[in-house]
Amino acid sequence: MELPSKLPFSKHRLRPRVVISYIFDYAILIACVVGFWILDSIEPHHQLFSLTNISLQYPYAVHERIPIPYALCISGVFPLGLIIVYTLFLDGIFSHHKPQDPVSGKRKLRGPWRWKDRLWEMNCGILGLLLAQGLAFIITQALKNACGKPRPDIIDRCQPRADSHDALGYGLSNSSICTGDPAIIKDGFRSWPSGHSSSSFAGLTYTALWLGGKLHIMDNRGEAWKTLLVLVPMLAATLVAVSRIMDARHHPFDVITGSLLGVACGFVAYRQYFPPLSEAWRKGRAFPIRTWGTEPVHPYAAPANPFNESTAALRNPETENLTQPVVPDREGPSPAPTRPVLPAMGYGQAGNPYITQAYPRRPHDHHPDGNSSSSEEDVADGYEMQHGYAMSQNPATSRFTPPPYESNTAYHSQTQAATGIAQPPPGVIGSHTPMRDV
């Protein structure tokens, strides 16, 4: 079977290695599902327990508050539907481009991206969600079997014989005294970590990060409602986890560790396919198609010293050697260097080094191996953001360079301070006197 040279949503010719890499991602997800069912069929380790331990004497809840199918709908089906619907139809709601219908002038729900761009975003979004759930399920099930910790309702599940008691002295009992359903007893030794907690936090942490990237919550607008909206999935995951304590299915420690495991899986899965939320200028869009054989250079890598600050040590003129010979200039004394005068800034722009006079543009680097997203092969450079949104622009692409920082470390004597003459702070430009270095 011959591999396709290009994907249906991209005009770039892709090497077989690129196609195989994404097929391998889906193969890993299928392997996680198969591995979970294999681990579920294995008998877990049975820890010893005490019949007098009151933390293990909770009644067995036949009907759970949130069964496994409901938990999967909350942490898997709902995020999946959100990713599909938002990516394909509603991505213009929170877009900075404010798309409008050219005829009616009404705001459009869909953004400016084309269908192939949406398909690529949806592919990466679904891959990340499935990866988060797959990692949570396989890791949780492996730890459950290896630990074999009894659930809080293990004694009610066990239904020990009437003459059963712990061994004399400080002995414990084992599962050989149980007369209950073997399947229920088997599941009773899978308390740590909580599977509901890890699964819900994995899927909903990923959803919160994905939604935060689309809403640009780390930009300079600081809109509180966006943060609250992003925290809704985390609240849902917390309620699912707490229900396991209410049903006496898990100890609090099991729920806490399962939740932390789910958060880690969700974060790792999101960063596998999407940039961090701190890079708000990326708009939460997925990484471009993979490439090999190129230098691992960040496409928006900032220089080591983006503001051209002086790296020389601060010096005190009073303690320097002032007897060094001065070389005269042949053409006369050179004027004292003046500081660059900053251009006038409008309201809301003062003190913001990221604001430029022209709209920043997204670079389109057409790599022969497909080092670009599906929207970058035949689209002209598009405007990224307006002036009022410049904090979410990549600082490395800004063409404005602030003056170097030079601290006034000279020693001021008490007699100078006693004269009452106000010394202007360094860096202040007067109305008539040009600013010079003295």
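The values are calculated or read from the model by the stated rules, or taken from the named source; none is laboratory data. Computed from a predicted model, the values in this text were never measured in an experiment. Please note: Cβ atoms are built from the backbone with ideal geometry, for glycine as well, and neighbour counts cover all protein chains shown.
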(message) Please go through segment 62-76 and give me each residue that is surrounded by 14 or more Cβ atoms within 10 Å (Cβ to Cβ) and not in a helix (DSSP H, G or I), ordered by number.
(response) GLU64, ARG65, ILE66
(message) I need the full set of residues from segment 204-240 which are crowded, with 19+ Cβ neighbours inside 10 Å and among the β-branched types (Val, Ile, Thr), in order please.
(response) THR205, THR207, ILE217, VAL230, VAL240
(request) Take LEU130 and decide whether it is touching a residue at least 40 places away in the same chain (Cβ under 8 Å) and either touching a helix residue (DSSP H, G or I) at 6+ places or on another chain (Cβ under 9 Å) or crowded, with 18+ Cβ neighbours inside 10 Å (or both). (result) yes
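Among ALA280, ALA269, which is the only one that is surrounded by 17 or more Cβ atoms within 10 Å (Cβ to Cβ), over 17 Å from SER198 (Cα atoms), among the hydrophobic types (A, V, I, L, M, F, W, C) and touching a residue at least 40 places away in the same chain (Cβ under 8 Å)?
Working: ALA269 fails: over 17 Å from SER198 (Cα atoms).
Answer to the selection: ALA280.
Of all residues in segment 56-86, count the ones that are of a type in the set (S, T, N, Q) and within 23 Å of the chain's Cα centre (by Cα).
Our first condition is that a residue be of a type in the set (S, T, N, Q); within segment 56-86, this holds for 57, 75.
Within this subset, residues satisfying the condition of being within 23 Å of the chain's Cα centre (by Cα) are 75.
Within segment 56-86, residues that are of a type in the set (S, T, N, Q) and within 23 Å of the chain's Cα centre (by Cα) number 1.
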(request) Report, by residue number, each residue of segment 159-176 that is in contact with a helix residue (DSSP H, G or I) (Cβ under 6 Å, 6 or more places away or on another chain) and free of Cβ contacts under 8 Å to residues at least 60 places away in the same chain. (result) ARG161
(request) Tell me which residues, restricted to segment 107-122, are at pLDDT 70 or above and not in a loop (DSSP other than H, G, I, E, B). (result) TRP115, LYS116, ASP117, ARG118, LEU119, TRP120, GLU121, MET122
(message) Can you tell me which condition ALA286 does not meet? The list is (1) part of a loop (DSSP other than H, G, I, E, B); (2) loosely packed, with under 15 Cβ neighbours inside 10 Å, and all the others hold.
(response) (2)
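Taking ILE54, is it surrounded by fewer than 13 Cβ atoms within 10 Å (Cβ to Cβ), at pLDDT 85 or above and within 18 Å of LYS149 (Cβ to Cβ)? Please lay out each step first, then the result.
Values: surrounded by fewer than 13 Cβ atoms within 10 Å (Cβ to Cβ): yes; at pLDDT 85 or above: yes; within 18 Å of LYS149 (Cβ to Cβ): yes.
In short, yes.
Only one residue in LEU239, LEU277, LEU215, LEU228 is under 30 Å from SER191 (Cα atoms) and of a type outside the set (D, E, K, R), so which one is that? Steps first, answer last, please.
On the way: LEU277 fails: under 30 Å from SER191 (Cα atoms); LEU215 fails: under 30 Å from SER191 (Cα atoms); LEU228 fails: under 30 Å from SER191 (Cα atoms).
Checking each option against the conditions leaves just LEU239.
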(request) Identify the single condition in (1) hydroxyl-bearing (Ser, Thr, Tyr); (2) within 24 Å of ALA202 (Cα to Cα); (3) modelled with pLDDT under 95 that SER95 does not satisfy, given that it satisfies every other one. (result) (2)
(request) Of the numbered conditions (1) outside any helix (DSSP H, G or I); (2) under 13 Å from the mean Cα position of the chain (by Cα); (3) in contact (Cβ under 8 Å) with a residue 24 or more places away in the chain, PHE189 fails exactly one; give the number of that condition. (result) (2)
(request) Would you point out which residue out of ALA241, ALA237, ALA202 is out of contact with any Leu (no Cβ under 6 Å at 6 or more places or on another chain), under 23 Å from PHE274 (Cβ atoms), in contact (Cβ under 8 Å) with a residue 24 or more places away in the chain and not charged (D, E, K, R)? (result) ALA202
